[in-house]
Amino acid sequence: MDERFRGLGVALVTPFLEKGNIDYAGLERLLEHQIAGEVDYVVLMGTTGESVTLSAEEKKQLLATTIEVLRHRLPLVLGIGGNHTAEVVRQLEEYDLSDVDGILSVSPYYNKPTQEGIYQHYKALAQASLRPIILYNVPGRTSSNMLAETTLRLARDFKNIVGVKEASGNLDQIATILKHRPKDFLVISGDDALTLPILALGGDGVISVVGNALPQEFSALVHAAMNGDLITARAEHFKLLEFMTYIFTEGNPAGIKEALKTLGICGNTLRLPLVNVSESTTKKIYGALADAEVVKL
């Protein structure tokens with residue numbers, strides 16, 4: 001099992017300035033916040049990072065800056081995925097991945113491939129990638145669920161497919177993967193609110209949105225659960241419950257960016273078609289941060 005990707009991974013936002021350019025000073029503050037919060041690794045240019053709105057040049061500069069700031073203090077996972085298999089393969093072959101530890105690749109969306117199509121897509125990626133691949137199943141965004149049978153088939157057939165980020169929300173499906181997985185295959189929660197039950201079933205961690213704002217608090221939950229201390233983990237879960245609810249009320253990453261603005265880490269600017277959360281949700285997020293004893297009312 002690749003220990004680099006166990007525990008708390010954080011799916012980083014991409015901070016933007018008010019006019020929409022990438023806020024590299026905000027990115028540095030965000031990365032230092034993760035290191036101080038004792039997360040286990042970070043994920044760049046995933047869904048939370050608004051990667052679909054970044055140009056090719058911005059992606060290269062964002063990766064280079066992140067590597068420069070991290071200085072190998074945390075493992076780095078890079079999001080490279082899409083619904084055009086040949087294009088994803090091209091990116092895997094052309095990116096300089098020498099300072100990247102792993103790849104997170106979303107299951108193909110929009111095309112609505114069959115399970116065999118999903119398998120063949122990831123087979124092509126596995127044959128092209130020089131870095132370990134974490135599958136990403138998120139039916140709420142792709143409109144296509146990668147079944148447990150497909151995940152397990154890929155896990156058995158390709159040694160460099162090392163895990164899955166499971167965001168199906170289907171605990172039966174996730175439990176099936178956990179029961180039948182190869183011993184070295186990681187099962188990672190893709191839903192903050194389901195992290196505790198997935199870890200209790202034997203999962204290996206989470207790739208979190210909450211961790212952007214509250215890395216130390218969420219790290220306490222994750223590591224307590226992984227160490228078998230479910231009493232502490234449960235207490236941390238309930239402490240963060242309202243916050244986990246409200247940051248997703250009007251979509252991701254709008255909610256978490258509002259929290260990061262409140263904490264003074266980066267602004268809340270988004271790229272269209274995403275927009276900021278409403279005033280009422282902002283108040284709820286602030287109240288949840290106060291309840292979690294992160295800010296004072």
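Values for this structure:
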| quantity | calculated |
| --- | --- |
| Spread of Cα-to-Cα distances over 10 Å intervals beginning at zero, given as percent, for segment 133-242 | 15, 46, 31, 8, 0 |
| Dipole of segment 3-237 [Lys/Arg +1, Asp/Glu -1 at C-beta], most positive-end residue of LEU154, VAL89, LEU8 | LEU154 |
| Alpha-carbon radius of gyration plus Dmax, which is the widest Cα pair, for segment 37-133 in Å | 13.7, 41 |
| Spatial separation of Cα centroids for segment 161-214 and segment 11-72, in angstrom | 23 |
| Distant alpha-carbon pairs in segment 3-237 (separation over 24 angstrom), percent | 41 |
| All Cα pairs of segment 86-188, percent lying beyond 23 Å | 21 |
| Theoretical gain in end-to-end length, ASP96 to TYR24 [0.36 nm per residue, Cα-Cα removed] | 23.9 nm |
| Relative contact order [Cα under 8 Å, 6+ residues apart], segment 251-297, whole percent | 33 |
| Helical mean residue ellipticity (222 nm; -39500 (n - 2.57) per DSSP H run of 4+; nearest 500) of the chain | -13500 deg cm²/dmol |
| Binned Cα-Cα distances of segment 18-89, short to long, each 5 Å bin given as a whole percent | 3, 13, 26, 26, 16, 10, 5, 1 |
| The chain: relative contact order as a whole-number percent, Cα under 8 Å and 6+ apart | 20 |
| Binned Cα-Cα distance frequencies in segment 163-297 - 5 Å width, integer % | 2, 11, 20, 20, 18, 14, 9, 5, 2, 0 |
| Lysine-lysine proximity count for segment 3-237, Cα under 27 Å, sequence distance 8 or more or distinct chains | 18 |
| Inter-centroid distance (Cα atoms) of segment 233-297 relative to segment 77-122, Å | 30 |
| Gyration tensor over alpha-carbon atoms, segment 130-188, equivalent ellipsoid semi-axes in Å | 18, 13, 9 |
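Throughout, read-outs are computed from the coordinates displayed, never taken from laboratory work. As the structure is a prediction and not an experimental result, all values here were calculated from the model. Methodologically, a virtual Cβ is constructed for each residue, glycine included, from the backbone with ideal geometry; neighbour enumeration extends over all protein chains shown.
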